[in-house]
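Colleague: Quick one: structure below, then a few questions.
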Amino acid sequence: MPAKDLLKKYLEDNCTEEEKAIVETWYVQHRLKTPKALTDAEQTTDIHQIIHYLDTRVPGSSMVQLWPRIAAAAIILLFLSISGYFLLHKQAGQQFVLNHPYDIAPGGNKAILASHGQKIILNNAKNGLITTNGSVAVNKKADGLISYDDAQASNANAAVVYDTITIPKGGQYQLKMSDGSKVWLNAATILRYPEKFAGKERKIELISGEAYMEVVHNEAMPFKVLVKGQVIEDIGTHFNINAYDDEELMKTTLLEGSVKVNAGGQAFLLKPGQQAQVNATTHRVNVHNVDTEDEIAWKNGLFTFHNASIQTVLRQLARWYDVKIEYEGQIPDRMFSGDIYRNTTALQALELLSFTKVHFRIEKGADGHSEKKIVVTP
């Protein structure tokens, strides 16, 4: 079938599921990049990128794939009619924007540091020295990164002074601790940690939220993370912890090295590629093999979903865009799979989800400044 005819069928809602997948896959990939016509070289690049990211559609299931797997030949056929696509789809695209005139920018580097009785808004601070206690200098190295630079040798008898970093909704930040260990912090996260480690162990507390850690191993001073009744002990490790208050499961995912997860009165030694899931209510622990790249997609600028409910998807969007989620009527019983770039606006993210026949609108407070919200409708 000529590509132009395929696009026309889509706009008239006469496509088969496979034909819809072809059109929607191209549209999602292209709209996230540029509204202008692509050159032949750009088209070829897009084709290979789409093939790389596409997932398998499961026939007969209720899951709606944002990135269905389709044949390269079908993608090429579609790319032959880019200009025709824009001509046909122009009215539909304009209507989506008219129906959603209010947009929300994506999150960015934002954090509040509580140190020595002060509260420092890091995104407003200049690069350079933030504060010091004499033995440790806290420096803002760049936008989105602070570093605790240890200027003196450790003193086993020194008092341990704790700082707290809070990442608000719509924020993210990176932290380098005094021992050289690195932490990436996702939106709506609170981490408490010592300015300088002393004694026989290094101990920090993830109060809530999500953190990816690359720990400098020190056999003489084990590294431990306290998180909601769990103790996660590093044994030379790169790992991710997801422990949001509004999620049913607390998840520890190991990428490299080894960690011991102590939860529910039991200890579990994870291997790379494994994830310990702790039920927040029952404290039951399950260990599974997972795709680690999916688990740290947030760190690499992506939302990644596999068979995720609409509630799961929107909880992540709510944290990143700093919005409240409301549901009108029955919540759609849909499952989602796919990737959405975190540098897109809320409207762009919702436009991708709208392909699944779930409807949304963005609202702001009556005064224009109070809490923004995304309303989901049948």
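Colleague: Can you tell me the accessible area per residue over the stretch 314-369, all protein chains present, probe 1.4 angstrom, in square angstrom?
Modeller: On a per-residue basis, 46 Å².
Colleague: Got a number for carbon plus sulfur as a percent of the stretch 227-378's accessible area, 1.4 Å probe? Mind showing how you got there, number by number?
Modeller: Details: 3090 of 6880 Å².
That share works out to 45 percent.
Colleague: Follow-up question, since we're still on this one. Please report, to two decimal places, log10 I(q)/I(0) for the stretch 233-360 at q = 0.17 Å⁻¹ as given by the Debye formula with identical point scatterers on the Cα atoms and no solvent.
Modeller: For the stretch 233-360, the Cα-only Debye profile gives -0.96.
Colleague: Under 13 Å from the Cβ of P272, count the other residues' Cβ atoms, weight Lys and Arg +1, Asp and Glu -1, and hand me the total. Numbers along the way, then the final one.
Modeller: On the way: positive: K271; negative: E256, D291, E293, E295.
Computed value for this residue: -3.
Colleague: Where Lys and Arg each count +1 and Asp and Glu each count -1, what net charge lies around V215 among other residues with Cβ under 11 Å from its Cβ? Intermediate results must be reported in sequence, preceding the final value.
Modeller: On the way: positive: K182, R202, K224; negative: D179, E214, E233, D234, E256.
Net local charge, V215 excluded: -2.
Colleague: Past the 25 Å Cα-Cα mark, which pairs from K299/K364; K176/K200; K176/K364; K119/K251; K224/K271?
Modeller: Working: K299/K364 28 Å; K176/K200 20 Å; K176/K364 37 Å; K119/K251 30 Å; K224/K271 17 Å.
Over 25 Å Cα-Cα: K299/K364; K176/K364; K119/K251.
Colleague: Next question, about the same structure. Which distance in Å, rounded to a whole number, links the C-alpha centroids of the stretch 330-354 and the stretch 194-251?
Modeller: Each part reduced to its Cα centre gives a spacing of 31 Å.
The values are calculated or read from the model by the stated rules, or taken from the named source; none is laboratory data. In this text, all values refer to a predicted model and were calculated from it rather than measured experimentally. With ideal geometry, Cβ positions are generated from the backbone for all residues, glycine too; neighbour counts draw on all protein chains shown. Accessible surface areas use protein heavy atoms only, side chains included; no ligands, DNA or RNA. Shrake-Rupley method; radii C 1.70, N 1.55, O 1.52, S 1.80 Å.
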